[in-house]
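Presented below is the structure to which this report refers.
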Amino acid sequence: MKKIITLSFVILTMISCRNRDSKTENRNAAFEEITGKTVTFSEPACYAYNDGNNHISLEFTDIGPTLKGNLTYAFAEKDKNTGTFVGQLKDNVLLADYTFQSEGVTSVRQVAFKVSKDTLIEGYGDMNAEGTAFKDIKHLNFTSTMPLVKGDCAEKKQGCLFEDGKSYSELEQRCITLATLKTTLNPLKDGARTEGKQAYVYFSSDNSKAEVFLPNSNNGIVLEKKGEGNWVSGNYILMAWKGYVLQDKGVAVYGG
């Protein structure tokens, strides 16, 4: 009798171990599947939707267990939201915290995108009282009619050539026509205007950032406001003085 009980215990123990091993393998497989989907985002990876009136752009800038990037919403007749996101990919869904600027106010809210091949579909659901997080991420509806399609970031930026009167804007996350910008700066030498090509300046909606487009450069330089009338990035300082003056290493190089 004791032998029978002992044998039964051994069999049950073996079954239990196998079940645990099976569950562990399943969890590992699921993790590997999610990890595999994470690394399918090649750095950089860009997704965008544009119907001529509404524009959404999402760019991954940091690929890994934690995903980071830029996200911009520009809907017709609505204030543009520009910001950054930090999140993770799980079960084909990117869930992230989106920190953005709108009308001079910094806000944070959760966003969700379902990954379907080379397309991102935004998800919607009930939010908490503060409007910052989903009440239940298991009950999101991925019903957006504005799918973000994957594109080539390098190709998108390389198509914006200064010689063609265009440049890629980091603030707008798109190619812009420089002639449409209202603020232009003339080249300076020893504090006086000199011959040469103009530089262009674009300001964010809340004036917290300024993007400077220098001659023969296909990308803008983003400066952040550090003081009253000053925007700074590395050696560059844009000062609001009798218009605007751009300094490089303390020397005025453009003004207007």
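Things worth noting here:
- Whichever residue in the stretch 245-256 is over 29 Å from the mean Cα position of the chain (by Cα) and not basic (Lys, Arg) and, among such residues, is surrounded by the fewest Cβ atoms within 10 Å (Cβ to Cβ): GLY250
- Taken over the stretch 142-163, the criterion of being at pLDDT 80 or above and under 22 Å from the mean Cα position of the chain (by Cα) is satisfied by PHE142, THR143, SER144, THR145, MET146, PRO147, LEU148, VAL149, LYS150, GLY151.
Residues checked against (1) small (Gly, Ala, Ser); (2) at pLDDT 95 or above; (3) assigned by TED's automatic domain parsing to the domain that holds LEU71:
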| residue | (1), (2), (3) |
| --- | --- |
| THR194 | no, no, no |
| ILE221 | no, no, no |
| GLY227 | yes, no, no |
| ILE237 | no, yes, no |
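- Residue, surrounded by the most Cβ atoms within 10 Å (Cβ to Cβ), within the stretch 63-104, restricted to residues that are acidic (Asp, Glu) and within 28 Å of ASP136 (Cβ to Cβ): ASP97
- Selected residue (only one of ALA129, ALA179 is exposed (fewer than 11 other Cβ atoms within 10 Å of the Cβ) and not assigned by TED's automatic domain parsing to the domain that holds PHE85): ALA179
- Checking each residue in the stretch 109-132 for being aromatic (Phe, Trp, Tyr) and either touching a His at 6+ places or on another chain (Cβ under 6 Å) or over 11 Å from ASN92 (Cβ atoms) (or both) picks out only TYR124.
- Condition broken by LEU185, with the remaining ones in (1) within 30 Å of LEU89 (Cβ to Cβ); (2) not in a helix (DSSP H, G or I) satisfied: (1)
- Residue in the stretch 97-113 that is assigned by TED's automatic domain parsing to the domain that holds ASN53, in a loop (DSSP other than H, G, I, E, B) and under 19 Å from PRO147 (Cα atoms) present: no
- In the stretch 141-170, the residues that are buried (at least 16 other Cβ atoms within 10 Å of the Cβ) reach residues that are in a helix (DSSP H, G or I) and at pLDDT below 90 with C-beta atoms within less than 8 angstrom, at least six apart or across chains, in these pairs: TYR168/LYS156; TYR168/LYS157.
- Taking residues in the stretch 45-70 that are at positive phi and modelled with pLDDT under 85, and partners anywhere that are surrounded by 19 or more Cβ atoms within 10 Å (Cβ to Cβ) and among the hydroxyl-bearing types (Ser, Thr, Tyr), not one pair has Cβ atoms closer than 8 Å while being at least 6 places apart or on different chains.
- Leading residue by the ranking (surrounded by the most Cβ atoms within 10 Å (Cβ to Cβ)) among those in the stretch 188-230 that are touching a residue at least 60 places away in the same chain (Cβ under 8 Å) and in a strand (DSSP E or B): LEU188
The values are calculated or read from the model by the stated rules, or taken from the named source; none is laboratory data. Worth saying up front: this structure is predicted, and the values here are computed from it rather than measured. Here the Cβ is made from the backbone with ideal geometry for all residues, glycine too, and neighbour counts use every protein chain on show.
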